[in-house]
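*Asks:* So that we are looking at the same thing, I have put the structure below in structure tokens.
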Amino acid sequence: MNDFKKTDSSADTPAAGPEAIRAIPVRHYGRYVAAVVALGIFGLLVWAFANGDINWGAIPDYFFNDRILKGVRETLVLTFLSMLIGIVGGVVLAVMRLSKNPVTSSIAWFYIWFFRGTPVLVQLFVWFNLGFVFEYVNLGPIYKDQWADFMTPFLTALLGLGLNEAAYMAEICRAGLLSVDEGQTEASHALGMSHGKTLRRIVIPQAMRVIVPPTGNEVINMLKTTSLVAAVQYPELLRFSQDIGTTSGATVEMLFLAAAWYLIMTSVLSVGQYYVERYYARGSSRALPPTPIQKIKANVLSLSNRSGGGAKA
Amino acid sequence: MSTGTNDTKNVPGAGSGTAMVKAEGVHKSFGPVEVLKGIDLEVKPSEVFCLIGPSGSGKSTFLRCINHLEKVNAGRLYVDGELVGYRQKGDKLYELKDSEVALKRRDIGMVFQRFNLFPHMTALENVMEAPVQVKGVSRAQARERAGQLLERVGLADKAGNYPSQLSGGQQQRVAIARALAMEPKLMLFDEPTSALDPELVGDVLDVMRDLAESGMTMIVVTHEMGFAREVGDSLVFMDEGVVVESGHPREVLTNPRHERTQSFLSKVL
Ligand SMILES: Nc1ncnc2c1ncn2[C@@H]1O[C@H](COP(=O)(O)OP(=O)(O)OP(=O)(O)O)[C@@H](O)[C@H]1O
Ligand SMILES: [Mg+2]
């Protein structure tokens, strides 16, 4: 389209080359039909919700409520810390899994097998209820306390989510490390670089390209999974929303409110993910992919070009 | 372990004075498959030593043994008079620690068939990486030196390009500069031009020719018989893990004595 437009404008001045092509583009009638149907269904849905017994006004009223904001904060903190445990644990497990030592690699294998094979909700309950099994936390002279005092709901939530996440991150990191060509390790060793430096400077930066996209998914997943920790008495966004819902009678509205907040947070994270991916893509393709803003600009430009061309024709 | 000790030569372990690389009965197996079956050869300092032979004859494996990317199973391999990968005390061999192996690899540059540049670094960064990380050279100094090396291989204007933005020939020249940045006393080339389009081969060979003229000791696995004939000081023909024939390149290439050499050369020339 763009190219046609360019030749178009230059056609005003007598062109030396062959005449520019002006063809009628293929019409995709199926696409118009599909769009109309989809819009219709969407309209029906909007109509249904607008006429349902929903007190929409309650949502803006509570949107920036102190407890909601506290919930948002707790959700973000929990997501961040659990992912931190997950990523650090995942890297360690991945390196263990790939090690030549059969003991370390079996331990990693077993860990991953166990934590990936059981539901995270069950794991959370187990952490929560371990107090019935162990009365004390006893780390010898360093630390000794009653289990219940040690294992606060926060720690339960954090361990439950983080240790489970480590198992998933381990597989992601392992795939990333394996994706780096062996020639890279070899070239690095041939230059006299140690194993550690080779891993840090050569292998991991390249593995990141494979690791980052699924990790972004994991972060977004984690943000949503934090809503499960309400089950172990740790209050976060969902829990606070539900509480407000029961006291104010606006149960469904508060769930919508929570959903809106989750959407906002996941959207912000997706944008962040895009830029991190872009950073690690350097060197992998000849040109960096455009930023969303650059993309929007390009689209707007091509649209205005297109309509300009259409008006002319 | 003691196979292939040539009693006529001097005592193993004492080093051999002048040789840059010396192999005595080097054996290497991968599982049950014996790839090197007793290699004996000697590379003198400043020599350009060419290694030819059919695919699978063990040329790459031998090259990789020299900087201990592969472990030798039997025989002795010396670089600059020092045993590769082991330390000898009395008649016992002790394996070197990884850090000691790494220390020795600093002095041996290697250039690979598939370049193996670091794709996440620019040409300049590729060349700077090892001096900074391994030798602890300051970044400013390494950058300056890397610039000079890129100029030497004719790529001063490509310093900021990533490998994916370079042609194969350019990548290989960056790889040579990267190896030279460690100021090695020995350079190993494993078919440096065989992944290149014919018109790009010349540039890489020119760089190698310059390097040879500057007095670098080079072991070159190659199928470029023209290069071997012109630049090489000696040439070895390997087949099925043994040295079949060796001598001056012109001699071996024009008057191969061995029948296997003749049939190989008739195919590649
Ligand atoms: N890591 C390995 N494990 C098992 N076998 C191997 C390994 N590396 C090489 N080999 C085998 O050793 C033999 C010699 O391989 P090598 O790469 O040294 O041959 P080459 O002479 O360099 O051949 P080419 O000219 O094709 O590069 C081959 O048969 C190969 O299959
Ligand atoms: Mg080879």
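The values are calculated or read from the model by the stated rules, or taken from the named source; none is laboratory data. Given the structure is predicted, the values throughout are model-derived calculations rather than measurements. Every residue, glycine among them, receives a Cβ derived from its backbone with ideal geometry; neighbour counts consider all protein chains shown. In case anyone asks, the SASA skips ligands and DNA or RNA and just uses the protein heavy atoms, side chains included. Shrake-Rupley method; radii C 1.70, N 1.55, O 1.52, S 1.80 Å.
*Asks:* D for chain B, whole µm²/s, Stokes-Einstein with Kirkwood Rh over alpha-carbon pairs at 25 °C and 0.890 mPa s: what number?
*Replies:* D = 127 µm²/s.
*Asks:* A further question follows. Only counting protein heavy atoms at a 1.4 Å probe, give the residues of region B:94-119, ordered by number, whose accessible area falls by 20 Å² or more when the other protein chains are present relative to the chain alone.
*Replies:* When all protein chains are present, B:Asp98, B:Ala102, B:Arg105, B:Phe112, B:Arg114, B:Asn116, B:Phe118, B:Pro119 each give up 20 Å² or more of accessible surface.
*Asks:* Keeping the other protein chains in place, figure out the carbon and sulfur percent of the accessible area of region B:74-206, with a 1.4 Å probe.
*Replies:* 45
*Asks:* Could you look at chain A and say what percent of its accessible area is carbon and sulfur, using a 1.4 Å probe and all protein chains?
*Replies:* That share works out to 67 percent.
*Asks:* Could you give the distance between the Cα centres of region B:103-128 and region B:172-198, to the whole Å?
*Replies:* Answer, in whole Å: 8.
*Asks:* Just how far, in whole angstrom, is region A:264-278 from region A:106-127 if you go by their alpha carbon centroids?
*Replies:* When both Cα centres are located, 28 Å separates them.
*Asks:* Rounded to two decimals, what is the ratio between the C-alpha radius of gyration of the protein assembly as shown and 2.2 N^0.38 Å?
*Replies:* 1.34
*Asks:* For A:Ala298 and A:Arg282, calculate 0.36 nm times their separation in residues minus their Cα-Cα distance, and state this gained length in nm to one decimal.
*Replies:* Between A:Ala298 and A:Arg282, full extension yields 3.6 nm more.
*Asks:* Let me ask another. Given Cα pairs under 8 Å that are at least 6 residues apart, what percent is the relative contact order of chain B?
*Replies:* 24
*Asks:* If amide H atoms are built 1.01 Å from N in the plane of the peptide, which residues on other chains or at least 5 residues away come under 5 Å of the amide H of B:Leu51?
*Replies:* Long-range HN contacts for B:Leu51: B:Val220, B:Val221, B:Thr222, B:Val236.
*Asks:* Over all Cα pairs of region B:110-269, how is the pair count split among 10 Å bins, expressed in % and running from 0 up to the last occupied bin?
*Replies:* 10, 37, 30, 15, 6, 0
*Asks:* Here's a follow-up. At a probe of 1.4 Å, how much accessible area disappears from chains A and B on forming the pair, both sides counted, to the nearest 100 Å²?
*Replies:* 2200
*Asks:* Along the charge dipole of region A:30-172, pointing to its positive end and built from +1/-1 on Cβ of Lys, Arg, Asp and Glu, which listed residue (A:Tyr62, A:Thr104, A:Ser82) has its Cα farthest out?
*Replies:* Checking the options against the dipole of region A:30-172, the answer is A:Thr104.
*Asks:* Also, I was wondering about something else. Output the relative contact order of chain A, whole-number percent, from Cα pairs under 8 angstrom with separation of 6+ residues.
*Replies:* Relative contact order, chain A: 23 percent.
*Asks:* How many nm separate the modelled label positions at A:Val77 and A:Val92, each set 7 Å beyond the Cα in the direction of the Cβ?
*Replies:* 2.3
*Asks:* Then there's this: Taking the alpha-carbon set of region A:21-164, what are its Rg and Dmax in Å?
*Replies:* Looking at region A:21-164, its Cα Rg and Dmax stand at 26.1, 85 Å.
*Asks:* What number does chain A give for Rg over Rh if you use C-alpha atoms and the Kirkwood radius?
*Replies:* Using Cα coordinates only, the ratio equals 1.11.
*Asks:* Let me ask another. How far is the Cα center of region A:26-72 from the Cα center of region B:52-81, in Å?
*Replies:* 69
*Asks:* So, one more: Spelling out what I want: for every residue of region A:246-263, take phi, set θ = phi - 60°, compute 6.51 cos²θ - 1.76 cosθ + 1.60 (Karplus), and round to whole Hz; glycine and proline get x.
*Replies:* Working through the residues one at a time gives 5, 6, 8, x, 9, 4, 5, 4, 5, 5, 4, 4, 4, 4, 4, 5, 4, 4 Hz.
*Asks:* Mean separation of Cα pairs under 8 Å and 6+ residues apart, divided by the residue count of region A:156-214: what relative contact order is that in percent?
*Replies:* Normalised by residue count, the contact order of region A:156-214 is 44 percent.
*Asks:* Hey, what number do you get for the protein assembly as shown at 222 nm if only DSSP H runs of n ≥ 4 count, each worth -39500 (n - 2.57), divided across all residues, to the nearest 500?
*Replies:* After summing the helix terms and dividing by the residues of the protein assembly as shown, the value is -17500 deg cm²/dmol.
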